[in-house]
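Accompanying notes for the structure given below.
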Amino acid sequence: MASNSASQILAITKTAPYSKPRASRFLQSRKPYLNLCCLSQKFSNDNALFCLPNSKSFLLAKELEERNSNNHSPTLREICQDHVPGNVLRRQRWRFRLEEVGYLVPTDVQREALPVLFSGNDCILHAQTGSGKTLTYLLLIYSQINPKNSAVQALIVVPTRELGMQITKVARMLAAARHMDPELEQKSYTVMALLDGGMLRRHKSWLKAEPPAIVVATIGSLSQLLEKQIFKLDSLRVLVVDEVDFLFKSSKQVSSLRKLLTSYSLCNNRQTVFASASILQHRRFIHDCIQQKWTKGDVVHVHVNRIMPMPACLCHRFVICGRKAKHQVLLSLLQSDLPESGIIFVGEQSEKSKKSGQASSTTVLIDFLRASYEGPLDILLLEEDMNFNSRAASLTDVRKGDGYLLVSTDIVARGIDLPETTHIYNFDLPKTAIDYLHRAGRTGRKPFSDERYYVTNIILAEERFVLQRFENELMFHCEELTMEAQG
């Protein structure tokens, strides 16, 4: 196939009939907008409402919350008020702590799961990416822990340092409130991040001096301290395993996870929560949970959006081109799409390629974009081979910047919340449909808006059947874009 230049444009090819209306041109810049009508529609469908305090969106959401009260549908605060401590929920500077985190009315998973969790049942949270699972289990944790008790009472296990830091930040935001009980005023809900790359010596001292109430941990760092008996779980009340399917799939971590679930802590002595957007063969998984004593026998599977594994706001597209043309096609897409922020997913470098001294695909792509891309977005890199400080710096730059193009491997595909991301580009196809689901789930994380988000796959002709398999498994439709010479 001939090389395609950046001056070429992309247009829609006539494909099989599709039920959704099609715009004459997909690759137009689309600015987000809000109106009360669309918010009312989202509200009536019980979708999530998410906004920033003091924004126009916040005021509109408040109006909808009042409407919700008039319709006798419980708000998130009403669901939690008899369970979660008042200092997490109460008014502070005329707003509620939950509102500072951004939620005003419950998402589907919160509405269905919180009553189950508050009743004491073990639970499997199985819902779309960006559906509010993190806040769901954090609210359970704050309903269970006692700041008077100087012991680790809640443990959240995560697959990556990056996800752990994100959850730690939200947990500390919820904890950062003065307590209404004078006896507890000097006590606080302390949260420790026990993550790969951290200073274990400092964590040892902290655990011995005054154990934190909540620990967010990667399984590697956690196992080191458990094996040395520095970290004890005698007072553990809640154990959460986030991205549980990923951890059980990891050959390096599964034995440590099994030991945590059955040896260091017993299921009858704690409340267990597993969370993920993707649990394959969930009936078999539930059976294993009970049989292997990872959970109690009354574990409840809260499965939201069974028919639609991915958010409906995503538009999926693909471009077929030759291997040598992929960089130019990506550049053309960026110039046509004008994304506000985007993530470009690249496959991991093989061990054979590393040993031969070849440059990684991420390095080659970053160099190309820095030389060729003339847009306003910052070009950033995040991959497994970077040291922990560099990875943290990249995520900090992403969250502080006005707009970004993040070139990354699948390290950010699980759980990372970057709500400003409007476009996902799969420069290399993921290995599985589940990986596709989680990559796509890095966008479409603002259900308070009626904006459309785009997931675009740059594929070789022989990869089309792989993408079709993903479409069948995840029940979505992918629109084809083709290159047409301009002029």
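The values are calculated or read from the model by the stated rules, or taken from the named source; none is laboratory data. Please read all numbers here as calculations on a predicted model, not as lab measurements. Don't worry about glycine lacking a Cβ; one is built from the backbone with ideal geometry, like all the others, and counts go over all protein chains shown.
Exactly one residue among 432, 409 is more than 22 Å from residue 311 (Cβ to Cβ) and either among the polar types (S, T, N, Q) or assigned by TED's automatic domain parsing to the domain that holds residue 168 (or both), and that residue is 409. Screening the range 118-220 for helices (runs of 4 or more DSSP H) wholly inside it with 2 or more residues that are within 21 Å of residue 83 (Cβ to Cβ), modelled with pLDDT of 95 or more and in contact with a strand residue (DSSP E or B) (Cβ under 8 Å, 6 or more places away or on another chain) returns the ranges 133-144. Scanning the range 322-333 finds no residues that are over 30 Å from residue 477 (Cα atoms), under 28 Å from the mean Cα position of the chain (by Cα) and either surrounded by fewer than 16 Cβ atoms within 10 Å (Cβ to Cβ) or not charged (D, E, K, R) (or both). Per the conditions (1) surrounded by 18 or more Cβ atoms within 10 Å (Cβ to Cβ); (2) touching a residue at least 24 places away in the same chain (Cβ under 8 Å), the sole criterion not satisfied by residue 477 is (1). Between residues in the range 430-446 that are of a type in the set (Val, Ile, Thr) and residues that are assigned to a loop (DSSP other than H, G, I, E, B) and surrounded by fewer than 20 Cβ atoms within 10 Å (Cβ to Cβ), which pairs lie under 8 Å by C-beta distance while being six or more apart or on different chains? Matching pairs, first to second residue: 434/280.
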